[in-house]
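The values are calculated or read from the model by the stated rules, or taken from the named source; none is laboratory data. This is a predicted model, so every value here is computed, not measured. Note: ideal-geometry Cβ built from the backbone for every residue, glycine included; neighbour counts use all protein chains shown. Just so you know, the surface numbers come from the protein's heavy atoms only, side chains and all, with ligands and any DNA or RNA stripped out. Shrake-Rupley method; radii C 1.70, N 1.55, O 1.52, S 1.80 Å.
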Amino acid sequence: MAGAAPAGGKPETRLERSKEDVDREFRMLIDGEWTAARGGRTFSCVDPFLEESWGRVPRADADDVDRAVRAARRAFDDDGWPKTPPACRAALLRKLGQLIEENLDALVLQQIRENGRLVSEMRPGTGAVATACYYYAGLAETFHGVSLPVSVPNITSYTLREPIGVVAAITPWNAPLVLLGWKLLPALAAGNTLVIKPSEVTPTSTLLLAELVTRAGFPKGVVNVVTGYGDPTGMALVNHPGVDKIAFTGSTVTGRKIAHAAAERNARTSLELGGKSPNIIFADADLDNAVNGAMAGSFSATGQACMAGSRVLIEGKVYDEVAARIAGQAKKMIPGDPLDPKTQLGPLASKMQLDKVLGYFEIAKRDRIEILTGGKRLERKGFFVEPTVFGRVDNACPVAREEIFGPVVSLLPFNGEDQAIAIANDTSYGLAAGVWTENVRRAHRMVQRLRAGTVWVNNYRLVSHAVPFGGYKQSGVGREMGPEALNEFTEVKSVWIDTGNKVNFPAG
Ligand code: NAD
């Protein structure tokens with residue numbers, strides 16, 4: 001992800017897996033205590049590069065979730081976290097940012113062991129979490145309600161922004177700490193308390209971050225972490241009456257289930273879900289740049305990115321040339337150890353994800369889709385598949401409609417802006433889109449017509465803590481990052497003060 005200043009400014013050391021991790025037993029964080037699951041059950045992480053299990057993590061049940069929610073409730077209702085002066089909350093966030101910078105290598109390594117993402121991606125991505133701490137520290141002190149002019153004599157009216165309460169933050173495995181940061185930092189800045197449920201694929205990096213939260217000095221119970229699967233741990237959290245808001249990132253299917261459960265008690269939700277984003281290359285684009293942008297959009301994070309530009313729309317006149325260049329570059333990608341800075345393609349994060357992607361290769365064969373390169377599992381250890389490029393795909397095919405979440409891109413030819421828009425918007429998703437053109441008027445026309453939460457022109461995958469991110473349609477509800485994020489973690493209280501009117505009853 002771009003937009004992240006490298007944290008710390010230290011020379012980069014080569015990270016190594018530690019053998020001690022194999023038997024390491026992790027604990028969850030509940031009410032300031034590092035604790036096992038009450039039932040004593042655990043599960044293991046699997047390194048997707050080595051295909052080996054390592055570390056044991058508590059498997060929380062409804063009882064553990066209840067303890068965590070009660071702790072967060074107490075920290076919110078009784079212990080005064082929402083009343084902590086904004087400057088104190090800001091100071092704690094700044095301290096957390098500093099600790100993240102000091103412990104960057106450990107946080108990066110932990111995530112790579114869990115999900116196999118490349119070190120070249122994880123370093124800037126994780127450094128961005130520190131930068132976001134500083135940004136939300138600033139907002140903690142400056143975010144405020146407004147004074148409102150009301151056309152009634154003797155009335156003073158204003159709004160207060162107040163924290164919502166206990167937030168359940170449920171996160172996926174593809175960028176565990178970045179996506180947690182998008183929830184944790186604005187939630188804390190606004191004065192909420194949290195129970196975090198990381199993905200079962202990537203729990204330990206969140207536990208390490210939680211350790212830094214405690215070292216930064218956040219009071220006990222303000223941040224709690226429960227580890228386990230979606231069922232029962234995630235579900236117990238979503239259904240807990242003590243949770244006021246659920247901030248979720250994950251698949252559209254899970255997001256829908258969470259929204260249903262939350263609706264039962266009108267709990268607040270913000271949902272960051274899947275995508276099938278169009279990356280549109282016009283013939284008048286800088287094609288070198290556009291081809292690189294299509295590669296970055298499709299193959300960064302081994303394609304396991306919600307914002308992946310997994311449908312590349314190419315204008316007819318340049319289709320053959322651009323398709324050949326994308327396929328040629330994909331063929332040359334270097335697979336390998338994600339800890340090696342020279343590696344260009346890492347493994348998929350889990351066996352489940354591998355099986356899902358292989359399933360789409362079968363669907364493509366069944367649908368007789370042209371395979372320009374790839375389409376198979378790589379013959380080596382680890383959950384690797386070949387970088388795969390499908391040519392001249394019809395937008396109605398499953399590979400163009402469904403989120404594959406692997407290093408797989410569909411190329412679709414088009415002619416003219418109207419057809420580009422028709423194909424691009426013909427999707428149930430609406431997370432992001434890219435437009436490649438040197439024509440500034442066309443660029444603005446396309447931006448206005450695309451139905452997506454983010455549109456990049458002549459770039460792809462830029463994100464920043466300062467810019468809101470979220471989806472149209474099935475890609476989500478609400479926005480994370482930017483000042484908008486604080487709207488998602490606060491209620492608005494409207495205040496009316498009468499300084500001189502008499503109340504007449506009955507009226508007139
Ligand atoms: P997932 O939906 O399977 O799981 C996400 C989280 O939800 C995990 O912690 C999981 O344990 C939990 N969970 C699962 N079922 C649950 C339930 N019934 N109740 C409560 N919690 C439950 O998603 P994933 O496979 O971990 O992540 C990949 C998905 O995330 C992709 O669809 C991707 O597009 C999406 N994603 C979206 C964004 C975004 O910002 N829009 C960013 C990253 C990933």
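Label point of residue 264 set 7 angstrom out along Cα-Cβ; within region 218-236, amide nitrogens under 13 Å from it belong to 235-236. Please work out whether the chain counts as rounded, prolate or oblate from its C-alpha gyration tensor, where a ≥ b ≥ c are the square roots of the eigenvalues and a/c under 1.5 means rounded, while otherwise a/b larger than b/c means prolate and anything else oblate? Here the chain falls in the oblate category. Could you work out how far helix 104-115 tilts from the main Cα principal axis of the chain, as a 0 to 90 degree angle to the nearest 10? Taking the Cα atoms of the chain, the angle to 104-115 is about 60 degrees. Accessible surface of residue 299, taken over heavy atoms with a 1.4 Å probe and every protein chain present, rounds to 10 Å².
Summary of packing: across the peptides 121-128, 465-472, 421-428, the per-residue average of other C-beta atoms within 10 Å ranks them, highest first, as 121-128, 465-472, 421-428. Between residue 147 and residue 457, the modelled label-to-label distance comes to 3.9 nm, taking each label 7 Å out from Cα in the direction of the beta carbon. Only helices enter the 222 nm calculation for the chain: every DSSP H run of n ≥ 4 contributes -39,500 (n - 2.57), and dividing by all residues gives -11500 deg cm²/dmol, rounded to 500.
The peptide list 109-117, 267-275, put in order of mean Cβ contacts within 10 Å with the highest first, becomes 109-117, 267-275. Pairs spanning more than 25 Å between alpha-carbon atoms, out of 331/473; 95/493; 317/356; 257/381; 19/342: 331/473; 95/493; 317/356; 257/381. Using a/c under 1.5 as the rounded threshold, could you call region 59-156 rounded, prolate or oblate? The axes a ≥ b ≥ c are square roots of the C-alpha gyration tensor eigenvalues, and prolate needs a/b larger than b/c, oblate otherwise. The shape class here is oblate. Rounded, prolate or oblate: pick one for region 278-457, where a ≥ b ≥ c are the square roots of the eigenvalues of its C-alpha gyration tensor, a/c under 1.5 means rounded, and failing that, prolate if a/b is larger than b/c, else oblate. Prolate. Sorting the segments 141-150, 497-506 by their mean number of nearby beta carbons within 10 angstrom, highest to lowest, gives 141-150, 497-506.
Expressed as a whole percent, the accessible surface of the chain that belongs to carbon and sulfur atoms is 52, based on a 1.4 Å probe. Stretching residue 379 away from residue 332 to a fully extended chain increases their span by 15.3 nm, per 0.36 nm per residue minus the current alpha-carbon distance. Using 0.36 nm per residue and subtracting the Cα-Cα separation, the extra length available between residue 155 and residue 438 on full extension is 96.5 nm.
The residues of the chain have, on average, 41 Å² of accessible surface per residue, using a 1.4 Å probe with all protein chains present.
In plain terms, the chain from residue 289 to residue 20 could stretch by 92.4 nm, reckoned as 0.36 nm per residue minus the Cα-Cα distance.
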